[in-house]
Structures are given as C-alpha cells and as structure tokens.
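Notes follow the structure.
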Amino acid sequence: MAKRYPLNAKNMNTIIVGAQWGDEGKGKIIDILSKEVDLIVRFQGGNNAGHTVVTQEFKEYIFHLIPSGILHKGKICCIGNGVVVDPKVLLQEINDLKRVGINISNRFKISSLAHVILPYHRILDQLRETKRKHKIGTTGRGIGPCYADKIIRCGIRMIDLLNPRVLREKLLDNLKEKNEIFKKVYQHSGFDFSSIYKEYLNYGKIFSHYICNTSLLLNKAIELKKDILFEGAQGTFLDIDFGTYPFVTSSSTTAGGACIGTGVSPVKINKVVGVAKAYTTRVGEGPFPTEFCAEFAKVMREKGNEFGATTGRPRRCGWLDCVMVKEAVMLNGISELVIMKLDVLDGLKSIKICVAYKYKGKKFKEFPQDLEVLQNVEPVYKEMAGWPIYASKPRVYQDLHPNARAYLNRMQDLAGAKISMVSVGSARQDTIVV
Ligand code: IMP
C-alpha cells in the first residue's frame, strides 16, 4: 500500500475540488481545513451550490454563496470574480449569519468583477429548460444565463451596482434586447426597468462595504505568506469543458478555474485536494454508467440522505466509478483524495467498484469524451466483500474493518492518488485522518 499522509493546508495554497458530479461533501472538508488557513475563497458557480456543514455550535448550516469558512472566527472569506452572485440570496445569507451572531463585517469580501444574477436570468433558465428536448435539469437559479451574458459581454458586475449611471445604461440595454426575446420566444411579458434598477441599486448600497479588488487582496496575502483555501463548487464532471457536456454547469469547476476565478497565478498554488464519495451520485440529467437500479437506489438514497442541498431533489445513486475519479485526478492534478460517506456502505454484503468500461466489445480504462459512448458503456466491476455495521463509530484508521481498508486501498490504486482523509459521518469528529 502506498504511504499515507495526514491532510493539511498549513503553509500552502490549496485548491479543493469535487472529483465526481458535485455533492461529494466538500463543505465538511473545507470547514475542517479552514481552521488551518487565513483566507478562504470561492472561485466559480453561484447559489446552485449547497455546502453543508454540521457543527456542534450551529448545528446544520447550508451555504450557497459565502464560503463555509466564515463560521471560523477571524478567517477572511471572499467571493472571487469567477462566481456569479445572486444579491438577493447573498443578502439572505448575510442576514442569517448575523442572526446566529457571526460577525462578518471586516472579513467578508466580494470581487468587484463578479457577475450579478438578475431576475431575467432566473426566469430564462427555467423557461429554457421547458423548451429543451433534452433537459439538463438545472437548479433554475439563473446560473447558465448569467455566465452566458458574461461571455457575450453584456453582463452586469458587482462594481456596476455602485454606479447608478452605468447600472442604468447596462440594464436598459439588456432589457431592450431581452424583453423582445421573452415576448417573442417565450410568450413572457418581460421585465420592468425601474423595479429592478431600484432593487439592484439598493443591493449596491448594502454590499458597497464588501465589494473590492479581491485579486489584489489575495495576492497581497500571498506576499505576506498567508495561506489560502480555494473552495470549488460542483464537481469535475460538471465542468463546462471536461464534464459530461451539455449536462454540466456553466463554469470551470476543475482546478484551473481557481486561478481564472480569483486572479491568483497557477505558480502560487501548492496543492490540489480532490473530494470523492465512497460511491457516486448525480443530480439532474445526463449519463451515469454505474447508476443503481431504481430499487437499490431508493435504499441507498435514504441511507445516505441523498437529496439536493439546494433544490431538495432526490440524487441519483450508483457504485463508485474509478474511471471517473482517475480522470479527475489527471484533470485537476489531485495529489490527495478525501473519501466521504464511507459509512453509507456499512452493512452491505458486497460492494462493486467500476474499474473500466466496455463499449462494442472493447474494454478501456479512459473516460470517453464522446457522450454517445459514455451513454452506452457497460461498466466493468471488481466486486469486493463488504463489512458489517460498527458497534461504535470508527475513530482511527485501524478501527476500520479490514474489508473497508481493502476497499480504500483499491480505490487509491485505481485513482492514482493517495487518500489522506476518510469521513464516516456528518459531524466534524466523524473524520479519520489517515
Ligand atoms: P446549473 O448549474 O443550475 O445550470 O445546473 C446544471 C447541472 O449541474 C444540473 O444537472 C444540476 O443538477 C447540476 N448542479 C449544479 N450545481 C450543483 C451542485 O452543487 N451539486 C450537484 N449538482 C449540481
């Protein structure tokens, strides 16, 4: 077995990414590692994400925009330029934090370059889904349309909310075109300028204290030898380029996105940690080679509480796919893996790991880029013996049943990255540092 190392984020800049289709449990790991760093920054996605943290003090806490590191006193948390921000959701999150007595005033920052989600993005997201032949199953939060506006260069950024003249011009320009589309294509009455303008100017006033040049802040922090945690949302296979396109989100969820989405150079990054569940889940549509049959999926979904943290949708469940995790290790440069929810597999007689795919009689071990192929591959499984339910929660690696350790070893060998932490429950203490 390869040598194991305890996971740490001290004296380095670390990127955390999901190695599957999101919902791997990154929130918990980010929460644990936040203690060791000075700053935590989100670099992509928006309130399509739901990062759940369970603490003794605050019980269960779900974050959609603000990095979960905010729960740790004294840590500076940033929303990077690569994030799309729904101000209404952000305000709600800030107010919720205030309500539980968390003071964020001098330690929360939003990039002035982050794009803003407007009401027409949310509605367009939902209307587009109804028109699509092959639905993506988006979260309906306006993420795709907001990123689309960014790329076609008509987006509104956080800094624009601070300038009434610029906001007016950009909003009028957008509505002129969009209202035509809403009426003609979607038979929707369109949007009124003055109410949006008023609402968003007000957000500008509320957030003015937080909006700044976060790339400057982060780079200055690096100069001062501060440690940064880059918090990825979603997962590798929802990446706009490398994911199972078009069944993906609209941002770069892979490690490269951390640099683009923050303005920190790749040469300043020291480590990439990948988070994977001990099995696989996916929300929304798209190929899923190792998906369980409906009956077993139901059992595992209940056992693992596999319901979306943002939309509450039931997650699709399947066996661990190491062809995918290996691809994620390569795409992100993952040197350490954190395995989540191992406990959900407790009590199973046998467990399968997908080690290769078969298509038209040919076996291969690389993740296919052709969606047609991925949709029709047959997973090649290695079946392993399961382990019983523990009388008391395992606390150290040696407490794990030998079959559970064999499962982790196999995973590590197939994925090509060492496992540094294993999670066996939602609480902070249910974490085994390997
Ligand atoms: P969008 O990001 O809302 O555009 O949704 C695109 C696809 O990504 C859909 O299949 C969503 O279910 C999925 N997705 C978006 N965010 C998350 C997430 O945080 N976890 C899991 N799936 C997500």
Count - residues of the range 354-377 that are over 27 Å from the mean Cα position of the chain (by Cα) and aromatic (Phe, Trp, Tyr): 2
Test: residue in the range 313-321 that is modelled with pLDDT under 95, on the phi > 0 side of the Ramachandran plot and within 15 Å of the ligand (Cβ to nearest atom): no
Filtered residues of the range 391-434 (kept if without any contact (Cβ under 8 Å) to a residue 12 or more places away in the chain and touching a helix residue (DSSP H, G or I) at 6+ places or on another chain (Cβ under 9 Å)): 392, 398, 405
Criterion violated by residue 404 - all others in (1) buried (at least 17 other Cβ atoms within 10 Å of the Cβ); (2) under 19 Å from residue 281 (Cα atoms); (3) of a type in the set (Gly, Ala, Ser) satisfied: (2)
Test: residue in the range 204-217 that is in a helix (DSSP H, G or I) and in contact with a His (Cβ under 9 Å, 6 or more places away or on another chain): no
Total residues in the range 225-242, condition within 16 Å of the ligand (Cβ to nearest atom) and surrounded by fewer than 22 Cβ atoms within 10 Å (Cβ to Cβ): 3
Hits in the range 298-347 - residues which are more than 27 Å from residue 270 (Cα to Cα) and of a type in the set (Val, Ile, Thr): 299, 310, 311, 344
Only one of 302, 285, 295, 291 that is surrounded by fewer than 18 Cβ atoms within 10 Å (Cβ to Cβ), over 20 Å from residue 83 (Cα atoms), of a type outside the set (Lys, Arg) and within 15 Å of the ligand (Cβ to nearest atom): 285
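It is to be established whether one or more residues within the range 247-266 are more than 13 Å from the chain's Cα centre (by Cα), of a type outside the set (Ser, Thr, Tyr) and within 12 Å of the ligand (Cβ to nearest atom).
yes
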Residues (under 16 Å from the mean Cα position of the chain (by Cα) and polar (S, T, N, Q)) located in the range 324-338: 332
Residue list for the range 319-377, filter: aliphatic (A, V, I, L, M) and in a loop (DSSP other than H, G, I, E, B): 334, 348, 377
Members of the range 260-275 that are under 19 Å from residue 18 (Cα atoms) and in contact (Cβ under 8 Å) with a residue 12 or more places away in the chain: 260, 261, 262, 269, 270, 271, 272, 273, 274, 275
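Listed residues 211, 196, 260, 222; which is β-branched (Val, Ile, Thr) and buried (at least 20 other Cβ atoms within 10 Å of the Cβ)?
Criteria check complete, one pass: 211.
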Residues of the range 263-282 satisfying the condition of being crowded, with 23+ Cβ neighbours inside 10 Å and assigned to a loop (DSSP other than H, G, I, E, B): 264, 278, 279
Sole exception among (1) modelled with pLDDT of 95 or more; (2) within 16 Å of the ligand (Cβ to nearest atom) for residue 308, by number: (1)
The range 127-143 residues that are within 6 Å of the ligand (Cβ to nearest atom), paired with ones that are basic (Lys, Arg) and modelled with pLDDT under 90 (beta carbon under 6 Å, 6 or more apart): none
Single condition residue 67 does not satisfy, out of (1) within 24 Å of residue 277 (Cα to Cα); (2) within 13 Å of the ligand (Cβ to nearest atom); (3) at pLDDT 90 or above; (4) not basic (Lys, Arg): (2)
Residues that are of a type outside the set (Gly, Ala, Ser) and farther than 15 Å from residue 16 by Cα, drawn from the range 42-51: 47, 48
Unmet criterion (only one of (1) within 24 Å of residue 63 (Cα to Cα); (2) touching a residue at least 24 places away in the same chain (Cβ under 8 Å); (3) not hydroxyl-bearing (Ser, Thr, Tyr)) for residue 99: (2)
Index of the failed condition, residue 187 passing every other in (1) more than 26 Å from the chain's Cα centre (by Cα); (2) within 16 Å of the ligand (Cβ to nearest atom): (2)
Test: residue in the range 34-47 that is within 14 Å of the ligand (Cβ to nearest atom), modelled with pLDDT under 90, crowded, with 18+ Cβ neighbours inside 10 Å and closer than 21 Å to residue 226 by Cα: no
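The values are calculated or read from the model by the stated rules, or taken from the named source; none is laboratory data. These numbers were taken from a predicted model, which means no experiment stands behind them. Because the Cβ atoms are built from the backbone with ideal geometry, glycine has one as well, and the counts that use them run over all protein chains shown.
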